[in-house]
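K.L.:
Shown below is the structure under consideration.
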Amino acid sequence: MEYRQFQDTYVIRMDRGEEIVASLTAFCEQEGVKLASVEALGAADHAVIGLYDVGARQYHRHAFDEPMEITSLLGNVSTKDGRTYLHLHINLCRADMSVIGGHLNECRISATCEMFVRRLDGVVERKLDEAVTGLNLYEFL
């Protein structure tokens with residue numbers, strides 16, 4: 001990974017073989033990013049994405065091992081228990097031009113990933129919503 005900072009925005013290039021979630025988490029910890037928006041595109045050869053069933057309170061994960069274009073990766077950075085917490089969604093284009101998408105669990109870069117991380121001043125913590133959704137929701141302190 002290489003990156004440069006321009007005012008409140010980091011421009012990041014991830015390279016072949018890097019895993020997006022692990023690399024972005026490490027970057028945020030290294031740079032002290034506690035709150036940010038994320039957008040990216042690129043190419044991947046492995047991804048695990050999911051869909052959350054609120055009623056069952058269960059993620060349904062699916063792995064894809066094939067050439068894919070990252071047509072859109074959007075999300076945010078916040079904290080949970082003071083640690084980096086990523087919430088990322090991804091759309092992936094397959095060889096037949098069909099698109100799959102969902103919550104991003106992992107994604108390995110096959111060529112490159114070009115990412116913008118816009119840092120925001122402040123901290124937004126997350127807290128488990130046990131009563132309604134079973135999700136880690138924003139908690140504004």
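The values are calculated or read from the model by the stated rules, or taken from the named source; none is laboratory data. The shown structure was predicted, so the numbers you read here are calculated from the model rather than taken from an experiment. Note that each Cβ is placed from the backbone with ideal geometry, even for glycine, and that neighbours are counted across all protein chains shown. Side chains are part of the model used for accessible areas, which takes the heavy atoms of the whole protein and leaves out ligands, DNA and RNA. Shrake-Rupley method; radii C 1.70, N 1.55, O 1.52, S 1.80 Å.
K.L.:
What do you get for trypsin sites (Lys or Arg not before Pro) in the range 55-141 restricted to DSSP loop and a cutoff of at most 15 other Cβ within 10 Å of the site's Cβ?
P.N.:
ARG57, ARG94
K.L.:
Per residue of the chain, what 222 nm ellipticity follows from adding -39500 (n - 2.57) for every DSSP H run with n ≥ 4, rounded to the nearest 500?
P.N.:
That comes out to -2500 deg cm²/dmol.
K.L.:
Measure off, as a whole percent, the carbon and sulfur share of the 1.4 Å-probe accessible area of the range 28-141, all protein chains present.
P.N.:
Result for the range 28-141: 52 percent of the exposed heavy-atom area is carbon or sulfur.
K.L.:
Please identify which residues in the range 33-53 have an amide N closer than 17 Å to a label point set 7 Å out from the Cα of ARG83, following the Cα→Cβ vector.
P.N.:
33-35
K.L.:
Using amide H atoms built in the peptide plane, which far-off residues or other-chain residues are under 5 Å from VAL124 H to H?
P.N.:
THR79
K.L.:
Where does the chain land on Rg/Rh, using Cα atoms and the Kirkwood Rh?
P.N.:
0.98
K.L.:
For ASP8, ASP129, ASP81, what's the largest-to-smallest order of accessible area, 1.4 Å probe?
P.N.:
Heavy-atom accessible area, descending, gives ASP81, ASP8, ASP129.
K.L.:
With +1 on the Cβ of every Lys and Arg and -1 on the Cβ of every Asp and Glu, and nothing else charged, how large is the dipole of the range 54-141 about its Cα centre, in debye rounded to the nearest 20?
P.N.:
160
K.L.:
Leaving ligands, DNA and RNA out of it, rank GLU18, GLU39 by accessible area with a 1.4 Å probe, largest first.
P.N.:
GLU39, GLU18
K.L.:
How many nm separate the modelled label positions at LEU74 and HIS46, each set 7 Å beyond the Cα in the direction of the Cβ?
P.N.:
Rounded to a tenth, the inter-label distance reads 2.8 nm.
K.L.:
Still on this structure, I have one more. May I ask you to compute the full-extension gain from ARG4 to PHE116, defined as 0.36 nm times their residue separation minus their alpha-carbon distance, rounded to one decimal in nm?
P.N.:
Extra length from ARG4 to PHE116 when fully extended: 39.3 nm.
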